[in-house]
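Below: the structure, in structure tokens.
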Amino acid sequence: MSENGSYHWPASKRTNDITYAVRDILLVAEDAKKAGKEMLYLNIGDPNIFDFDVPEELIDAVCRAMKSNRNGYAPSQGVPEAIDAIRQDAERKGIKNICEIFTSYGASEGIELCLTALADPGDNIILPSPGYPLYSALNSKLNLESRFYELDESQGWQPNVESMASLIDERTKALVLINPNNPTGSLCSDEILLEIIELARRKNLIIFADEIYDRMMYDGLKHTPIASLAHDIPIITFGSLSKCYLAPGWRVGWAVVSGPETPLKDFVAALGKITRARLCINHPLQYAIKPALLGDHKHIETAMAKLHKRRDITYESLNKIPGISCVKPQGAFYAFARLEEDVADKEFVEKLVRETGVVVVHGSGFGTSERPGHFRVVFLPPEDILEKAFRQIEQFSAAYFQK
């Protein structure tokens, strides 16, 4: 007890290293907004704040569920209709030997539950750099070590399997593949997928396959689920309604565990304990999973027609700016721009936000790389917003690099 009768509760040490650059940059954006800047947000992958709507059939399914009083607790793994749809979709994609399926509060919770069931404090998880910062944040929370393998920018941001292999030791429990990748928008080639499978097979590792953008591809490219290429090793494939189905705020996701049943028995049992302990996810929203996965996907065609134009504007605009270059995104709705000048990307981005109101995310927030600085752009906004933002970035960069 202190002299004034109050007590100070220190924060837990596990939170010391938790950062989330995608939202942390909003603290800087608030300063710019208060200063009267016109804000152009290119930082968060939320389709609903722009001109994208949740498909009507998903909303109708949820409303019917609510009116049918599907408002109590649901089964811990998920309602049978949803689980069956997830299984059908996975099998249609070529995923076999499915051992377990469960629903989660977005793919994010599914990832956390799987890490919790798999690894103990001091174990390590192999992550892509650049890659989605949720993974390193969760590792910090769970007292797991993050080890980062390189994506090769000169090869269209393909995973460097040699880099991946060099990080593995006796305490490595899993390797993470984000495909299509956030933040680069890259698509992993089948040849690299097979190399990753062989590495996991040799080292007895589980693959975490984050494939939530699997239906958002450009230029006629097709996505290959890594679990469809190997049925003898454990792979966890994560999906959600957030991106392809334009409903991020619903927080509905799932995980499909595939591979040899007997070696996965204890892990699957642990997942069952955890999912039961958290009761269930939102009950009526689960009824959107079947029409989403087994429907006609017409909304994706509409969304991708918009995004294709916006991808092209983004790619062409960034590469026209002196001192900035960008690999063409193949999937998702992100571009990862490179700063050709020797500058710190976090400082560049924070000054960009304060001086122009254009909000992007510094590349160093997506991993611990020694590469030159980068920043991530979300190209969900309409064309006029993107064009205005890129003009602002060009003007700012010219002055910044001169200094």
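Nothing in this text is a laboratory measurement; each read-out follows from the coordinates by a stated rule. Worth saying up front: this structure is predicted, and the values here are computed from it rather than measured. Cβ placement follows ideal geometry from the backbone for every residue including glycine, while neighbour counts extend to all protein chains displayed.
Okay, here's what the table says:
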| read-out | value |
| --- | --- |
| Euclidean distance between Cα centres, segment 92-113 to segment 385-402, Å | 41 |
| With Cα atoms, 0 to 90° folded angle of helix 106-118 axis to the chain main axis | 60 |
| Euclidean distance of C-alpha centroids, segment 231-270 and segment 186-230, integer Å | 14 |
| Estimated vicinal HN-Hα couplings, Hz - segment 272-286 in sequence order (Karplus 6.51, -1.76, 1.60; Gly, Pro = x) | x, 4, 5, 5, 5, 5, 9, 6, 6, 9, 3, 5, x, 5, 5 |
| E30-N319 FRET efficiency (beta carbon distance; Förster radius 41 Å; 0.05 resolution) | 0.85 |
| Considering only the chain, percent of DSSP beta bridges that pair antiparallel, nearest 5 | 55 |
| Shape category assigned to the chain from the gyration tensor of Cα positions, a/c cut at 1.5 | rounded |
| Segment 334-373, relative contact order [Cα under 8 Å, separation at least 6], % | 49 |
| Angle between the chain longest axis and helix 345-356 axis [Cα atoms, degrees, rounded to 10] | 60 |
| Antiparallel content of DSSP bridges confined to segment 72-294, in %, to 5 | 45 |
| Long pairs among K93/K243; K290/K328; K203/K328; K243/K328, criterion Cα-Cα beyond 29 Å | K290/K328; K203/K328 |
| Relative contact order computed over the chain (Cα-Cα under 8 Å; 6+ residues apart), in percent | 26 |
| Mean Cα-pair separation over length for segment 72-294, i.e. relative contact order, pairs under 8 Å, 6 or more apart, % | 33 |
| Residue-wise HN-Hα coupling along segment 145-152, computed from phi with Karplus coefficients 6.51, -1.76, 1.60 (Hz; x: Gly, Pro) | 8, 8, 10, 10, 9, 7, 9, 8 |
| Filtered chymotrypsin sites (Phe, Trp or Tyr not before Pro), segment 72-162: DSSP coil and at most 10 other beta carbons within 10 Å | Y73 |
| Trypsin sites (Lys or Arg not before Pro) restricted to DSSP loop in segment 214-265 with at most 15 other C-beta within 10 Å | K222 |
| Angle in degrees between helix 56-67 and the longest Cα principal axis of the chain, rounded to the nearest 10 | 50 |
| Antiparallel DSSP beta bridges within segment 34-165, as percent of all bridges there, nearest 5 | 25 |
| Straight-distance crosslink candidates among lysines, where the alpha carbon sits under 17 Å from K351 and sequence neighbours closer than 8 are dropped | K33, K34, K37, K403 |
| Förster-model FRET efficiency, 41 Å R0, K388 and A269, C-beta, rounded to 0.05 | 0.15 |
